[in-house]
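Data block below; observations after.
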Amino acid sequence: MKLNLKNWSVILLLGCLPLSAAEKTKSKVKAVPDLDRVWTFSFEELNMLDENEKSEYAQSLVQAVSKNKVLGQFKEATSEKDFKTILVSEEKWTAFEKKMNQQCQDKKNYSDCDKVARLRVDLLNKYSTRK
Amino acid sequence: MKNIFIISIFLISFEAQPCMVPIASSTMYYTPSALRVCNKWYYGKEVKSKKSKYDPVTYRATDRVCAKFESEVKMQGSGRYNPKEIYTFKKDVVIMKNDDKTRNCPTTIGRSGECMLTYISVAADANYYHMGDLISMPALKGKKMKLPDGSLFTHPGYFRVDDVGGAIDGRNRFDFYSGNMDLYDANNSFGYKGDKETTMYDKSTCQDRKKYQILSSKKDKETARIAIAAAITAATSKMSTILPAPIRGLNR
């Protein structure tokens with residue numbers, strides 16, 4: 001078998017084509033992210049957390065809210081003590097969840113709200129027994 | 001020879017793309033059972049604490065499990081140490097779970113806090129799903145799935161999001177739970193030896209049978225819950241169960 005320069009260029013071209021196609025798809029995905037996402041816990045989900053997890057969530061949410069102007073709209077989460085009263089009431093939590101969806105989803109504050117959405121996801125992943 | 005070389009370069013550079021919504025990019029996972037993997041349950045030994053004579057606490061020294069079980073638990077996340085305990089690794093430290101929920105659940109407890117159901121529970125991306133969300137996959141409805149003891153379970157066509165996982169990434173990415181049956185188990189309908197219409201192990205096969213829908217209305221969710229409960233009851237009444245076979249009837 002003899003491979004000349006022409007054959008090598010064909011091989012290289014064929015090899016590189018799918019790679020560049022994959023890269024294009026990747027960049028497309030990055031350009032239009034799927035933003036219709038879950039921003040916080042549902043009340044049902046909240047009830048499955050143990051006290052330490054709830055406390056960890058409250059602490060990190062209050063911290064995130066204090067550092068961000070957009071998230072600062074969540075007045076309920078300005079103090080950990082006040083926020084803990086919301087965590088135990090279905091009515092109050094549902095109202096807070098609705099407000100968060102409006103502020104994050106409807107008003108398209110995606111990048112600011114990403115921080116609070118991540119708090120939930122990280123907490124779920126951190127204490128998961130699944131890898 | 002030259003053609004083979006070209007094809008191999010082409011294949012190496014090809015990267016499998018995930019399926020497009022609403023077709024599920026599916027894989028499967030399971031809970032290894034020490035009895036199936038090592039041919040025995042482990043119980044450990046109860047040892048008195050030597051910290052202080054005033055310290056009445058007793059603790060358990062865990063048995064050294066067989067290497068295969070250890071590696072499978074590391075891969076899957078958790079495993080059954082004995083009928084009442086779950087064995088988990090967190091940063092290479094063994095954690096034994098032995099609470100009421102674990103004792104009453106023959107599989108494992110998902111992140112939803114619910115007992116994982118074979119062929120029904122799925123792990124999904126928490127960015128898009130709440131734990132407990134219900135998903136319908138109509139093509140699976142009525143399909144006969146094999147249980148660990150070889151008997152059949154009629155699938156209701158619904159799944160429940162019970163778990164999360166670091167590698168489960170994207171709206172249509174699901175990891176389907178197959179109880180304690182691994183990928184190669186002859187009875188695992190989601191695995192290699194499963195029927196073409198039920199296998200879920202290959203995330204790059206984007207077939208119409210994997211079309212799914214997230215249930216949002218209360219009515220649809222209630223219908224799904226009833227169908228799941230009915231399918232489980234029917235399987236249980238046939239003297240089989242969707243729970244892992246070796247655990248049934250075993251009480252310590």
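The values are calculated or read from the model by the stated rules, or taken from the named source; none is laboratory data. Keep in mind it's a predicted model, so treat the numbers as computed, not measured. Cβ atoms come from the backbone with ideal geometry, glycine included; neighbour counts cover every protein chain shown. All accessible areas refer to the heavy atoms of the entire protein, side chains included, with ligands and DNA or RNA removed. Shrake-Rupley method; radii C 1.70, N 1.55, O 1.52, S 1.80 Å.
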Could you check how many residues of the range B:168-203 are open to solvent by 30 Å² or more (accessible area, probe 1.4 Å) and under 25 Å from B:M131 (Cα atoms)? 7
Give the range A:117-131 a look and list any residue that's at the interface with chain B (Cβ under 7 Å from one of its Cβ atoms) and open to solvent by 60 Å² or more (accessible area, probe 1.4 Å), or say none. A:K131
Based on this model, can you work out whether B:K101 counts as open to solvent by 10 Å² or more (accessible area, probe 1.4 Å), in contact with a Phe, Trp or Tyr (Cβ under 9 Å, 6 or more places away or on another chain) and not polar (S, T, N, Q)? no
All-but-one check, B:P106 against (1) open to solvent by less than 30 Å² (accessible area, probe 1.4 Å); (2) more than 11 Å from every other protein chain (Cβ to nearest Cβ); (3) within 30 Å of B:F159 (Cβ to Cβ); (4) modelled with pLDDT of 85 or more, failing number (4)
Filter the range A:90-103 for residues that are open to solvent by less than 90 Å² (accessible area, probe 1.4 Å) and under 25 Å from B:D163 (Cα atoms); which is nearest to the other protein chains (Cβ to nearest Cβ)? A:E97
Select from the range B:112-162 the residues that are in contact with a helix residue (DSSP H, G or I) (Cβ under 6 Å, 6 or more places away or on another chain), open to solvent by 30 Å² or more (accessible area, probe 1.4 Å) and not in a strand (DSSP E or B) and list them in ascending order. B:N127, B:H130, B:A139, B:D149
Among the residues of the range A:30-88, what is the count of those that are farther than 16 Å from B:G113 by Cβ, of a type outside the set (S, T, N, Q) and within 11 Å of chain B (Cβ to nearest Cβ)? 7
Search result, residues across the range B:38-75 that are surrounded by 10 or more Cβ atoms within 10 Å (Cβ to Cβ), modelled with pLDDT of 80 or more and among the basic types (K, R): B:K40, B:K68, B:K74
Report, ordered by the first and then the second residue, all pairs with beta carbons closer than 7 Å, sequence separation of six or more or different chains, a first member in the range B:63-84 that is within 12 Å of chain A (Cβ to nearest Cβ) and free of Cβ contacts under 8 Å to residues at least 60 places away in the same chain, and a second member that is among the β-branched types (V, I, T) and not in a strand (DSSP E or B). B:Q76/B:T31; B:S78/A:T129; B:S78/B:T31; B:S78/B:T108; B:G79/B:T31; B:G79/B:V73
Of all residues making up the range B:192-242, the number that are basic (K, R) and assigned to a helix (DSSP H, G or I): 6
